[in-house]
């Protein structure tokens, strides 16, 4: 694609991350709204309750990876022409990606009792 060939490497990388991540996010959103994501496909051969407060803390999930990559890539694309220092842009993109994970993950954080063990700082969760 000629559009991407004329871009600098960092901007091209941001776009290569943003496009598939955005498509997956749209698919996840549609599945969430239609209720297609309610089954996780786990058929365990034991009795246990994996819902509610006793569920394992799922910070590292596919959904959170997509949230991180959305924040990371779209921040980089949006601020690429504004911030000339590429190192600062990458660091800011990483921080915004982490904030995206925390924003989308905060309802689960407020229900869980062990979120302070994983996150080193407190967030004002209301």
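The values are calculated or read from the model by the stated rules, or taken from the named source; none is laboratory data. Keep in mind the model is a prediction, meaning the values are calculated, not measured. Ideal geometry is used to build each Cβ from the backbone, glycine not excepted, and the neighbour counts take in all protein chains shown.
Things worth noting here:
- In the condition set (1) surrounded by 16 or more Cβ atoms within 10 Å (Cβ to Cβ); (2) modelled with pLDDT of 75 or more, residue 109 is compliant with all but (2).
- Residue 92 being at pLDDT 55 or above, surrounded by 13 or more Cβ atoms within 10 Å (Cβ to Cβ), in a helix (DSSP H, G or I) and within 10 Å of the chain's Cα centre (by Cα): no
- Hey, residue 2 loosely packed, with under 10 Cβ neighbours inside 10 Å and at pLDDT 70 or above or not: yes
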